[in-house]
Amino acid sequence: MLFKDFFKCLSEKPFTNLIEVDTLADIVNLHHFGVGTLTFRNFPDFQGAQPGNFIWLESDRTSPYEEAFNDAVVFVNENILDDLPTVRIVAAKELMHVFDGAEQRANSPEKFKELLEEIASSPARNDTSPQYDADRVALWKAILALIPPWIREQFVDAWDKGDIKAPELARRLVLPEEVVAAAMGRYYSVYLDRYAK
Amino acid sequence: MSATLERATALLFPPEGRQALDVKFFFAPSATVEALAQQIIVCFDAMGDNARVINRIDRGLTS
């Protein structure tokens, strides 16, 4: 399943005033070939831990009696669990990695180590690997999924007139302010065209 | 390579058994290689703990 197919499934759901991450997960569970079991888990916080991560494991072939499924696990740091807007964007962004292209996946020891080195050293744009670049792409896919055009358009006029600002919109969409500000910005339509159509 | 990174890599890509198809992080600029590798180890531990499953991320926002 490609992201644009996922987005079409989302657009065909009954209208709601906001999109739940659980709805996105349900679509992946039902329609994404290759993801057998998708789960969300929290992990214990420690000094230096990040808000979340994603691990996708190949199928477990140890049982001859059960159908083999790949396991995708989205992890959320336990120290953000009380912050629902942050939990939602972290979980949605990590979930969107099920749509990473083959070249974007950190699927070997070498690519995994390269990814860690890049995250820790923030290389300039032209020096990054596909697996590192996939992070920004996944974040935009999460923004498009959580604030699709049919929800965004309700706020465009008020946003342009300054009648609604990021704190109020963030409260209504249960997302961090920087996420709703990005969704109302100039790049939204660029990434909508690029990834969802 | 640090022992932590070595262990994280071995968990994701064991000589035999399930290989990782993808690994990603939601990270801040302060992230370090050592802490990211440690996070993988901690997450593998969490995979065996059913108390850490989150059944509904949104806690029924629209219901």
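Restricting attention to the range A:88-132 and to residues that are farther than 20 Å from A:Glu178 by Cβ and β-branched (Val, Ile, Thr), the residue that is surrounded by the fewest Cβ atoms within 10 Å (Cβ to Cβ) turns out to be A:Thr128. The residues of the range A:46-55 that are at negative phi and either loosely packed, with under 15 Cβ neighbours inside 10 Å or modelled with pLDDT under 95 (or both), listed by number, are A:Phe46, A:Gln47.
When A:Ile151 is tested against (1) touching a Phe, Trp or Tyr at 6+ places or on another chain (Cβ under 7 Å); (2) under 20 Å from B:Leu61 (Cα atoms); (3) among the β-branched types (Val, Ile, Thr), only condition (1) is not met. In the range A:91-111, the qualifying residues are those that are in a helix (DSSP H, G or I) and over 19 Å from the mean Cα position of the chain (by Cα), and the one that is nearest to the other protein chains (Cβ to nearest Cβ) is A:Pro109.
Looking only at residues in the range A:20-59 that are hydrophobic (A, V, I, L, M, F, W, C), in a strand (DSSP E or B) and facing another protein chain (nearest Cβ under 9 Å), the one that is farthest from A:Phe155 (Cα to Cα) is A:Leu57. Among the residues of the range A:1-19, those that are within 13 Å of another protein chain (Cβ to nearest Cβ), free of Cβ contacts under 8 Å to residues at least 60 places away in the same chain and of a type outside the set (Val, Ile, Thr) comprise A:Lys13, A:Pro14.
The values are calculated or read from the model by the stated rules, or taken from the named source; none is laboratory data. Remember, predicted model here, so these are calculated numbers, not experimental data. Cβ sites come from the backbone with ideal geometry, for glycine too, and all protein chains shown count toward neighbours.
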